[in-house]
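Everything on this sheet refers to the single structure shown next.
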Amino acid sequence: MTNSPWPDEISRLTAVVVPAAVVGMLTGYLAVSLLVGITGFAGWHIYQQHRLYTWLSTSRSANPPEGTGLWGAIYDQVFHMQRRNRRRKKRLGAILHEFRQSTAAMPDGTVVLAPDNRIVWFNAAAQRLLHLQSPDDMGQHVLNLIRSPALKAYFDTGSFQEAVEMTSPFDDATRLSMQVIPYGRDQRLLIARDITRLHRLEQVRRDFVANASHELRTPLTVISGYLESMRDDDGAAAREWRKPVQEMHNQAGRMRQILEDLLTLSRLDAQPDPGAEERVDVAALVRGICRDGRMTATNRITVDCDSDERIGLRGVHSELRSAFGNLVQNAVKYSTAGGEVHVRWYRDGDTACLDVVDSGIGIPQKHIPRLTERFYRVDDGRSRDRGGTGLGLSIVRHALQRHDASLEIHSRPGEGSTFRCRFPAERIIAMAHASATGS
Ligand code: ADP
């Protein structure tokens, strides 16, 4: 701790004022003598201020001027403050340098955005991927520089939990994944990732599944044809082979169903958005699906249908038929003898729902989150026995996603299941039917 400079300063003032007063009294010019003394004292202070000013404005890094009393203390304080600030600046500079080096080395493009989406900073990968230029593009609105309808729609939604995929506006062959990460006070990071390779691999996988399924269809049709004729043949040799031939015929049928489901899934996968949308009369569609359900139902299983004919959907008829058809077929498939299946199409607040309720075997809770995965089955044997492919609910999920709808599943083992497809208000259309319900 430094000693207080004030006693020194007061003694200095006293050393000026007292002699000046004595000389003034002796000469009879007290006021003049005091004025001269105080002016000298003030002049000395002005000189010290001048030295401080010169030091601060010219050679801040040099040692401070020598000083005594209050001025010595002021020089000391300023000098220490400067040293502290210099050290802090150096430390912050080093941190900033490291941060910039590490983000510059990142393979993902990183753009720091202000709350109004103007660009504050970006790294080298962002320069490369998003064609940003430093310093010209600093302060520009990001959507003025990266012109993509998908990115604009993403920013408009204001929901950044997931990334958005888009074709690069600068190069059609590059596929980008863009994600906004909010941080701090209304600031945002825009991360741009090059997913061209991943996208290509996805494409290859999709094409492979679609092509393999397509190629297998023809030989399988030929085999099924021969098996059918052998099954229907009444000769002695054929009678001996009847059972294995029947089994081969059943398995060929299953394979055909798997191929059909794989092709449906590939078609749904191939285009991210539904194709040409139509006005779908859901009540009529559901009536047809229930009729098909009744035709496949055995063991006294009943299927009833209750639809609000006034509401329909904007969507793709074939995809909705696939989704609803799979749910009704499952309900019938997993019902026990004498079971009931209820299909209901109705308005629920702003949304519209299709419920498929069965009184069948039900599903243990732990399986429910995984049911829509490809080839996921609760009970392999039971699904196969009932002609299941393990792909039905995958198709349902894909088709519903493309219609902005969700799938809700409620089920208890032994008590049956409810599968609910919920469509948002934007998808609902009014149908010109007079009656409210029908079956
Ligand atoms: P699968 O062709 O095997 O029926 P899905 O994808 O349609 O395949 O269904 C996945 C699994 O979910 C089925 O194997 C079955 O275990 C279960 N599941 C689907 N619907 C029902 C239902 N209504 N009741 C009980 N289990 C069901």
Next on the checklist: Please go through region 366-408 and give me each residue that is more than 10 Å from the ligand (Cβ to nearest atom), among the aliphatic types (A, V, I, L, M) and farther than 22 Å from Asp304 by Cα, ordered by number.
Outcome noted: Ala399, Leu400, Ala405
Item to check | Filter pass, Thr351 being surrounded by fewer than 22 Cβ atoms within 10 Å (Cβ to Cβ), within 26 Å of the chain's Cα centre (by Cα) and near the ligand (Cβ under 8 Å from one of its atoms) | outcome: no
Next on the checklist: I'd like the residue in region 366-395 that is hydroxyl-bearing (Ser, Thr, Tyr) and touching a helix residue (DSSP H, G or I) at 6+ places or on another chain (Cβ under 8 Å) and, out of all such residues, is surrounded by the most Cβ atoms within 10 Å (Cβ to Cβ).
Outcome noted: Ser394
Checklist outcome for this item: In region 88-119, residues that are open to solvent by less than 70 Å² (accessible area, probe 1.4 Å), among the β-branched types (Val, Ile, Thr) and either in a helix (DSSP H, G or I) or in contact (Cβ under 8 Å) with a residue 60 or more places away in the chain (or both) total 4
Checklist entry - From the list Arg397, Arg347, Arg382, which residue is farther than 16 Å from Ile289 by Cβ, at pLDDT below 95 and either part of a loop (DSSP other than H, G, I, E, B) or not assigned by TED's automatic domain parsing to the domain that holds Gly253 (or both)? => result Arg382
Checklist entry - Would it be correct to say that Tyr346 is buried (at least 19 other Cβ atoms within 10 Å of the Cβ) and among the aromatic types (Phe, Trp, Tyr)? => result no
Checklist entry - Is it the case that region 358-365 has a residue that's surrounded by fewer than 17 Cβ atoms within 10 Å (Cβ to Cβ) and within 16 Å of the ligand (Cβ to nearest atom)? => result yes
Checklist entry - Taking region 120-151 on its own, how many of its residues are of a type outside the set (Ser, Thr, Tyr), under 18 Å from Ser177 (Cα atoms) and surrounded by 13 or more Cβ atoms within 10 Å (Cβ to Cβ)? => result 17
Checklist entry - Which one is nearest to Gly339 (Cα to Cα) among residues in region 421-435 that are open to solvent by less than 50 Å² (accessible area, probe 1.4 Å) and in a strand (DSSP E or B)? => result Cys421
Next on the checklist: Checking the condition in a helix (DSSP H, G or I) and modelled with pLDDT under 90, which residue from Arg267, Arg291, Arg256 passes?
Outcome noted: Arg267
Next on the checklist: Please count how many residues of region 320-344 are near the ligand (Cβ under 10 Å from one of its atoms) and assigned to a strand (DSSP E or B).
Outcome noted: 1
Item to check | Number of the condition not met by Ala331 [criteria: (1) more than 30 Å from His199 (Cβ to Cβ); (2) of a type in the set (A, V, I, L, M, F, W, C); (3) open to solvent by 20 Å² or more (accessible area, probe 1.4 Å)] | outcome: (3)
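The values are calculated or read from the model by the stated rules, or taken from the named source; none is laboratory data. These figures come from a predicted structure and were not determined experimentally. Ideal geometry is used to build each Cβ from the backbone, glycine not excepted, and the neighbour counts take in all protein chains shown. Note: areas computed on protein heavy atoms with side chains; ligands, DNA, RNA excluded. Shrake-Rupley method; radii C 1.70, N 1.55, O 1.52, S 1.80 Å.
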